[in-house]
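Chemist: Questions regarding the structure given below will be posed in turn.
The values are calculated or read from the model by the stated rules, or taken from the named source; none is laboratory data. Treat the numbers as computed from the prediction; the structure is a model and nothing was measured. FYI the Cβ positions are ideal-geometry reconstructions off the backbone, even for glycines, and counts take in every protein chain you see. The area values use the complete protein model at the heavy-atom level, side chains included, leaving out ligands, DNA and RNA. Shrake-Rupley method; radii C 1.70, N 1.55, O 1.52, S 1.80 Å.
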Amino acid sequence: MSTRIQVVYESQFGNVERLAEAIAAEFGVAARALWEGGPEVDTGTDVVVLGAPTHMFTLSTALSRSLARSSGGRGGPGMREWLATAALERAGAVAVFGTQSSRFSGSATRAAVRRARGRGSTVIGSAEFLVTAQAGPLAAGELDRARDWARAIRQQIAGAS
């Protein structure tokens, strides 16, 4: 029986999107963006991998997405809102990744982990990836680190089955 993985992400400037696509490729699935209609957690999903950018020290808000949009970002729905309504109970576990511009810039990842745990989810891993500025690009080597992280999560899942 194969493991069912979903990769769901929010990306304002394309950095989380690039990471999500690299991570999803390691699992052999397509990454699904929130602005594509707020993907549902499919029944029988083993692991949902969530990706989000850090805005104002945490998960994005309507205000921070509006500010991002005025600077060339996408705007649209955010992970904060999606986590509040997503049927996470359909998934066996959650893994979370995010972007930040420095270790002092706060963490959407930590906020998403807290929210997922608050909804009763088991979090099996988390990772932060660096961007060089708000709009990016990703720091050198971060896509490779993302692929390595996905492989580690995949091995962890395989070891648990």
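Chemist: Would you kindly derive the ³J(HN,Hα) couplings of region 88-98 from the backbone phi angles with the Karplus curve 6.51 cos²θ - 1.76 cosθ + 1.60 (θ = phi - 60°), listing them in order in whole Hz, with x for Gly and Pro?
Modeler: Listing the rounded values in order: 4, 5, 6, 9, x, 7, 10, 10, 10, 9, x Hz.
Chemist: Using only the alpha carbons of region 1-133, what is the convex hull's orientation-averaged projected area in square nanometres?
Modeler: Mean shadow area of the hull around the Cα atoms is 7.4 nm².
Chemist: As a check on your grasp of the helix formula, calculate [θ] at 222 nm for the chain: sum -39500 (n - 2.57) over DSSP H runs of n ≥ 4, divide by the residue count, round to the nearest 500.
Modeler: Calculated mean residue ellipticity at 222 nm is -11500 deg cm²/dmol.
Chemist: For region 1-49, what % of the accessible area comes from carbon and sulfur atoms, probe 1.4 Å?
Modeler: The C+S portion of the solvent-accessible surface of region 1-49 is 46 percent.
Chemist: Using DSSP to call loops (not H, G, I, E or B), can you name the chymotrypsin sites (Phe, Trp or Tyr not before Pro) in region 54-132 whose Cβ has at most 15 other Cβ atoms within 10 angstrom?
Modeler: Passing both the DSSP loop test and the Cβ count: Phe104.
Chemist: Enter the accessible area per residue of the chain (Å², integer; probe 1.4 Å; all protein chains in place).
Modeler: Per residue, the chain has an accessible area of 47 Å².
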